[in-house]
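Please read the structure below before turning to the comments.
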Amino acid sequence: MSSPIKAYLVGGGIGSLAAAAFLIRDGGIEGKQIVILEAAALLGGAGDAERGYSMRGGRMLTTDNYECTWDLFRSIPSLAQPAMSVYEETLAFNQQHASHAKARLIDQRRAKPAVASMGFSMQDRLELLKLSSAEETALGSSCITDHLSPEFFQTRFWLMWATTFAFQPWHSAVEFRRYLHRFMLEFTRIETLAGVKRTVLNQYDALVRPLQHWLEAKGVQLWSDCTVTDLDHKIADGEFVVIGLHCTLKGRHESLILADGDLVFVQNGSMTDASSLGSMHAAPARLGKAHNGGWTLWEKLAEARPSFGKPAVFNSSVARSEWTSFTVTLKDPAFFDQMQSLTGNEAGTGGLVTFKDSNWLLSIVLAHQPHFANQPPDVQVFWGYGLFSDRIGNYVAKPMDECTGAELLQELRGHLRFDPSTTQTANCIPCRMPYITSMFLPRSAGDRPPPVPPGTRNFAFISQFVEVPLDTVFTVEYSVRAAQMAVYQLLGISRTIPPVTPHDASLHVRFEALLKALS
Ligand SMILES: Cc1cc2nc3c(=O)[nH]c(=O)nc-3n(C[C@H](O)[C@H](O)[C@H](O)COP(=O)(O)OP(=O)(O)OC[C@H]3O[C@@H](n4cnc5c(N)ncnc54)[C@H](O)[C@@H]3O)c2cc1C
């Protein structure tokens, strides 16, 4: 009798966790047959009120899209309310705390410029319509700036769209076009972020922890501090078949031998690779890909195998992919109170507030409190980021990525014109992420492998660096969809993967969006 199939998942991001859940729920694989190998010492975890909280990013989701994510989280019970699924819990939370930003932009006069009109000229409208109706093949590896004139990047639309989704003018025109189509509904409400859904707590506590809990209860093994350094393979009937894995587990070299039929899923590359934290008194260290080795396995596998993609397209230009974020822990409500009176939004209802004239293009988000499962009631936490972290600030004569937490707060207070007393109790932890928008860099067809590359038998990639037709990277949905595609293809599961909702095909939506573009 042959032994049951085992599955090895390299990387412990949400993509791998989702794949493990699909293997169990839809593939009938027993949890104890699944091993997740993660290089980081901890799977998630985000500080406490004393040391200060830290999150690399806030999370914006929608319920009009994110089809695979909700398909998954309809099956995962909430930790706080086990009678509800995470999906139901999130929906109920958003009904109570709907997003409706009243201060999406703030200018250098500390005023809220009108945002109902997008500020387009006729030329902007024509160029935008032309770009959104072009075929991906025609756009090739071009940049957004190849299609839109300099004036477009001064419009309110660009400021709001770019800071909502973290686009830079030099990013991929294909990706920007995908966003215009995928998030066409947001086009009509980008100024209030009314379509945005938030998780009850930060992404780790609200999505990852319940999923991890469900997987562990099913017997899935999660190995942390375990870097997979290489795969052994053979060629059988012309197909690439993985037969072994080499890893460094808590400093020791280990080899795992695969049996016939076993499966391997690899998270190739990571947008958070080489990210580093600073403190109130220290800027984050300047790390690069050599420090973490998060790209190394993909680089090894892709060498001389064009069907495995081209990592160098995504990891060779930190100057075009880096930005810095920061998380602030406060023990005095003064900052939140003053933000509420400035913006007109209670925390959790406003979404991003962008300082449109800031050299760093600084934005902050005050989420509903508490934002962490272990956050005491008298503590508040907020998050912010700057798209241009290599520029000198307006109130601090330093590039953002060289600033300490105290200097970031000084810059922020300058834009807000808040007294130093509002951040007297603050602990601001900066986070530098050199590859955070690497998946937006201009690419050509074939630079990203499909989840299951052609000519492979038991092997798949799951990440932001695989090709998923129509879908948009820099979303949880992309990683979950890639996971579902990989698992279904390798196991031959016939259940339908929820398709990308064709909002852009609806005449009604297109008409609304067109009206908006013409305003
Ligand atoms: C700042 C920020 C803001 C975001 N905002 C949003 C948002 O608003 N909305 C939204 O939908 N999404 C958002 N996202 C994106 C979303 O969080 C990502 O899509 C998701 O986290 C990526 O998950 P992943 O599993 O594909 O990859 P990752 O989380 O990058 O996981 C890959 C893992 O693989 C590990 N690994 C790599 N190589 C090896 C190896 N050889 N051996 C062992 N382990 C290895 C890495 O250590 C890493 O933990 C945001 C992300 C960030 C960072």
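Any read-out appearing in this document is the output of simple, stated calculations on the displayed coordinates, not a laboratory observation. Since the model is a prediction, treat every value here as computed from it, not as a measurement. Counting neighbours? That spans all protein chains shown, and the Cβs are built from the backbone with ideal geometry, glycine included.
Across the alpha-carbon set of region 252-349, the Rg to Rh ratio works out to 1.17, Rh being the Kirkwood radius. Relative contact order, whole percent, for the chain stands at 24, derived from Cα pairs under 8 Å and 6 or more residues apart. Note on R286 and A114: their simple-model spin labels are 4.5 nm apart, each label 7 Å out from Cα toward Cβ.
Over every Cα atom in region 58-127, the radius of gyration and the widest Cα-Cα span, Dmax, amount to 18.5, 53 Å. For region 392-469, report the translational diffusion coefficient in µm²/s to the nearest whole number, using Stokes-Einstein at 10 °C, 1.306 mPa s, and a Kirkwood Rh over Cα pairs. Using the Kirkwood radius from Cα pairs, D works out to 97 µm²/s.
Using only alpha carbons, region 163-212 has a radius of gyration to Kirkwood radius ratio (Rg to Rh) of 1.09. Placing a label point 7 Å from the Cα of L249 along the Cα-to-Cβ direction, the residues of region 23-55 whose backbone N falls under 12 Å of that point are 35-38.
Extents of region 1-84, largest first, come to 55, 34, 24 Å (Cα atoms, principal axes, whole angstrom). Seen from D71, the other residues with C-beta closer than 12 Å to its C-beta sum to a net charge of +1, counting Lys and Arg as +1 and Asp and Glu as -1. Rounded to the nearest whole angstrom, the semi-axes of the ellipsoid equivalent to region 374-519, taken from the Cα gyration tensor as √(5λ), stand at 41, 23, 18, largest first. Over every pair of different alpha-carbon atoms in region 21-161, take the mean of 1/r and invert it; report that Kirkwood radius in Å. This gives a value of 20.6 Å. For region 444-519, the extents of the C-alpha atoms along the principal axes are 52, 30, 20 Å, listed from largest to smallest. Applying 1/(1 + (r/R0)^6) with r as the Cβ-Cβ distance of A334 and D260 and R0 = 45 angstrom yields a FRET efficiency of 0.10. Taking the Kirkwood radius as the inverse of the mean 1/r across Cα pairs, report the Rg/Rh of the chain. Reported Rg/Rh (Cα atoms, Kirkwood Rh): 0.95. Hey, quick one: spin label on S224, modelled 7 Å out along Cα-Cβ, who in region 231-254 has an amide N within reach, i.e. under 14 Å? Correct set: 250. Hey, if you put +1 on the Cβ of every Lys and Arg and -1 on every Asp and Glu Cβ in the chain, which of A162, V174, P502 ends up farthest toward the positive end of that dipole? The Cα lying farthest towards the positive end belongs to A162.
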